[in-house]
Amino acid sequence: MSQKYLSPYEHTCLRCEQTVYQVDKVGPLKDFSFFHQGCFKCLVCGSKLTLRTYYNNQQDQDDKEVYCQNHVPKTGPGTLDGMSVGIKSALRAPRTNHLVNDQIRGSGKGTFDVDALGIKTALASPRLHEVESKNRESQAGKFDASALHIAHGIKATKLQRQYRIEYAERTMDEYLDEDTQRHLEMRHRAEEDDLYRQFAKKRVEEETNINQQIQEEWEKELERLTSRYQHDMKNRRKKISTEDEKVLTVRHQQERNNLEKNMTIKLDKKKESLTKKLLEQERAATAELVEKHSQEMLELINEKRHELERLKSVYDENDKDGYVTEELVPYPTHPPPPTPPLIDKIEIYSDPSVFADLDQVAINVAQEDQVTFTDLVRLLIRDCHSDVEKARAIFRWITVKNLNNMTFDDNLNADTPMGILRGIKHGTESYHVLFKRLCSYAGLHCVVIKGYSKSAGYQPGVKFEDNRFRNSWNAVYVAGAWRFVQCNWGARHLVNAKEVPKPGSKGKSDSLRYEYDDHYFLTDSKEFIYEFFPLQPEWQLLKDPITLREFEELPFVRSLFFRYGLYFPDEKTKAVLHTDSTGAATVRIGMPMKLSSSLIFHYNLKVFGGDVDSHDGVSLKRFVMQSVVDNIVSLRVHAPYCGAFLLDVFANAVTPQEYLTGEPMKFKSVGKFKIVCKDLQTVMVPLPDCASGEWGPMKAIRLFGLIPMTHKDALLFSSRELEIQFRMSRPLTDFMATLHKNGSEEKKLSKYVSHSVDEDFVSFHVSFPEDGQYGMDIYTRELTSDSPSSDKQLLTHCCKYLINVSKRN
């Protein structure tokens, strides 16, 4: 078996004070201590310990030694600290339902939350090693059941009660010991090492062949060049002057230099092409081997699980309280065929917070490096009691790993967890193959699906005619059906600190906030199809699969579109919209009523296929009119000329308080549309240069509680005199209105608009100087009694109207 994976990291054994190398290392344990495997024994009796049977002294935080259960120093009567409550037993609360999500979070008076019990400290270790129930006995009556069982059950029920198929899932420790699984992993590693040696050998052979070909071609061309030079010199020797001879020599040297340069470029291109070709072959071969290894690992797990079930069934025949009941079925031994799921993701879980504690375990495990996949997966799934939880733990571990900030040892073996991550960073491995591999170690069926995706660089309307947008993703069998997982797209990272810690730094870990995209975990097939199209139609997991052309026509939307619960009221909405003869096209997006008061939309318009965003010095945004009616957002585009344009729609959920601070808001794209104008019979003019954003009074209602009493539409038709009245539902002050008209200065128009306040009503009076199209912006701010008059908020944009003025109206 290859030993390349042994890295030169060195630590000191706490017991013998000698150097501990990776192959013989146990740890890190308490206060980042390490032991040799041979030294990992009880300090008192010398009995051999494992990471599941060792205990630390909770009486003395400076004592880093390890003990067996019989000799660990006990917590005295009347003492209650977070490390002596029996956290491990608490985390493994009685499973009255075997699909519980193993989360503990006390709440309310008289209970203990995460900080009170020190559970956060325990979770910070990649191994859960707190004392068992013996220490807990002395604490009888010290805390009620709601702290460790009721709250646990409530949260777990949120996750599992929706399942229509429930599995009799056991923890892997019950039927498969780590040594047996690790033994199979070592055999797999040896096979992978052989494969990697074949890769290396082939790379050397191919590179040698290329070098030899180029060398032969170089010698042949050089010989031809030299022969021509000698021929020229021989023919002109009697007549040639010294000056002419110099010219021929210089020309020959220049031609030689050019030849050498061209041959070097040719060699580099051939090597680049070869590397790409070999990389594709190596990826395919690796994926094939991982498929074989995954199948063998699943067979081992199923075999051991069935052995236990056969033994268990003998005792369950006359035991009504047996683990396996008629309501529970075993996880399938063989992967079922792909069929559409019977239930949606929201019926499995509606809020990612149900996984909060499980996610934290994955984050903690990700802080350390594991040498084997067995160790890694055991740490992740140790307290998982459902297939969904197992898949979740693996998904979160992968999405936590920020490859951009990670550094890797050059001596890493390619077939270790860290070696695979290094390969992903450098493009030789992939997230989907890693996810499949880890799923097999957890006993989950997982497949890699190949197809097309609307990934980086894609624009609406682009045809999938080559390999530019080829992609791969996973489907994992959980909750009774195949469900999609895209780890690569789910991995998002955000540093929430002024100072970014250096790779490997321990001191700044609390300043990091890991952000990920939950949309790509168990994504519903009806949403997944907007971005991913499999080559095999059955893996669309849809009742009515669509064609590639239909996939191209689907609106180009992003995960935020579904996170906000957005939808298209017009079912025939497509990625490419064609304008009418007036150059107009409309995009309509629906939003849930519960978000209509907090969701703000924005947009950008530019020439399709470029970065041009203006026409005749005017921003193209002024050719788009955005308005909101009830819970429908409309964006009406008026093309200024024939051509193609790209409309990008953004959204953000904010509270009125956040909006009123005046801080810049960060909008994220929810969808893009291609607007095509082939026939324009009307000359379009830009809208008045008002503040950006939506038109109409809905914004005033949502964010300021300003209720329109007279004009509720965004577009008004008025005579030369106009009065717009609002009712204030909360205190507002310092109103201001501004007029805008193409070709007119804002300052000159200011004298034509005024306002008045009468108790809870505010009225805006406008006397338009001439006919035409006007825009009117309204500003205000909240009246706050706790702020001095000298420290007022800035005026904030409240709403705007588009007004067509004519004497005849």
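The Cα atoms of segment 528-677 give a gyration tensor whose axes a ≥ b ≥ c have a/c of 1.5 or more with a/b no greater than b/c, which makes the shape oblate.
Around T710, with a cut-off of 15 angstrom between Cβ atoms, what is the net charge of the other residues, counting Lys and Arg +1 and Asp and Glu -1?
On the way: positive: K712, R727; negative: D713, E721, E723, D758, D760.
Neighbour charge sum, excluding T710 itself: -3.
The residues packed around K748, meaning those with a beta-carbon under 12 Å from its beta-carbon, carry a net charge of 0 if Lys and Arg are +1 and Asp and Glu are -1. For E282, the accessible surface of its heavy atoms amounts to roughly 30 Å² (probe 1.4 Å, protein chains only, rounded to the nearest 10).
Each peptide among 626-632, 642-648, 520-526, 222-228 gets the average number of other Cβ atoms lying within 10 Å of its residues, and from highest to lowest they stand as 520-526, 642-648, 626-632, 222-228. Run the Debye formula on the Cα coordinates of segment 616-773, all scatterers equal and no solvent, and tell me log10 I(q)/I(0) at q = 0.12, 0.16, 0.19, 0.20 1/Å. Debye output, listed in q order: -0.66, -1.16, -1.46, -1.52.
Ranking D62, D758, D734, D517 from most to least accessible surface, computed with a 1.4 Å probe over the protein chains only, gives D62, D758, D734, D517. Measuring nothing but protein heavy atoms, the accessible surface of segment 652-805 at 1.4 Å probe radius is 49 percent carbon and sulfur.
Counted by Cβ distance under 14 Å from S806, the other residues give a net charge of +1, where Lys and Arg count +1 and Asp and Glu count -1. Cross-link pairs exceeding 28 Å between alpha carbons, from the set K678/K712; K747/K807; K606/K748; K270/K672; K748/K807: K678/K712; K606/K748; K270/K672.
Across the cross-link table entries K454/K572; K463/K668; K674/K741; K345/K390, which are compared at the Cα atoms, the separations over 21 Å belong to K463/K668; K674/K741.
Once you treat every alpha carbon in segment 728-768 as an equal point and sum by Debye, what is log10 I(q)/I(0) at q = 0.17, 0.23 Å⁻¹? After summing over all Cα pairs, the log10 values are -0.53, -0.77.
The values are calculated or read from the model by the stated rules, or taken from the named source; none is laboratory data. A quick note: this is a predicted structure, and the numbers were derived from the prediction, not measured. Note: ideal-geometry Cβ built from the backbone for every residue, glycine included; neighbour counts use all protein chains shown. Just so you know, the surface numbers come from the protein's heavy atoms only, side chains and all, with ligands and any DNA or RNA stripped out. Shrake-Rupley method; radii C 1.70, N 1.55, O 1.52, S 1.80 Å.
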